[in-house]
1. Pick from VAL48, VAL6: which is more than 30 Å from PHE95 (Cβ to Cβ) and of a type in the set (A, V, I, L, M)?
2. Across region 55-65, what is the total count of residues that are assigned to a helix (DSSP H, G or I) and surrounded by 10 or more Cβ atoms within 10 Å (Cβ to Cβ)?
3. Could you run through region 3-47 and say how many residues are of a type in the set (D, E, K, R), farther than 30 Å from LEU84 by Cα and assigned to a helix (DSSP H, G or I)?
4. Test GLY74 against the stated conditions and say whether it is part of a helix (DSSP H, G or I), under 24 Å from the mean Cα position of the chain (by Cα), surrounded by 13 or more Cβ atoms within 10 Å (Cβ to Cβ) and not hydrophobic (A, V, I, L, M, F, W, C).
5. With without any contact (Cβ under 8 Å) to a residue 24 or more places away in the chain and surrounded by 10 or more Cβ atoms within 10 Å (Cβ to Cβ) as the only criterion, which of VAL52, VAL7, VAL101 stands out?
Amino acid sequence: TARGIVVCTGDRTVMGRIATLTSGLETGKTPIAKEIEHFIHIITGVAVFLGVTFFILSIILGYSWLEAVIFLIGIIVANVPEGLLATVTVRTPAFSLSFSVSQ
């Protein structure tokens with residue numbers, strides 16, 4: 001049998017202070033995350049531009065508004081890079097290895 005006296009609880013303990021310090025840290029985006037986000041913004045802009053362009057062209061060429069909307073949606077969906085996440089996930093270890101070898 002043992003007895004103890006509780007001196008501090010919660011955030012006033014050593015573990016509580018460490019938890020408070022670590023939760024207050026702001027983590028920024030990594031350079032690769034910034035580059036991927038920039039790439040996605042470019043692809044999105046191009047997709048929307050092409051979609052609107054084909055929408056306007058299809059209206060000018062006499063297609064119905066429904067067909068023009070289908071063109072718009074089709075162009076935007078066709079420009080979505082479906083394999084981007086898989087490619088980044090697979091290639092990240094290879095990038096890390098090549099960077100570590102060059103350093």
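Every number here is computed from the coordinates shown, using simple stated rules; none is lab data. All values derive from a computational prediction rather than experimental measurement. Neighbour counts run over all protein chains shown; Cβ positions are idealised from the backbone, glycine included.
1. VAL6
2. 6
3. 3
4. In short, no.
5. Answer to the check: VAL52.
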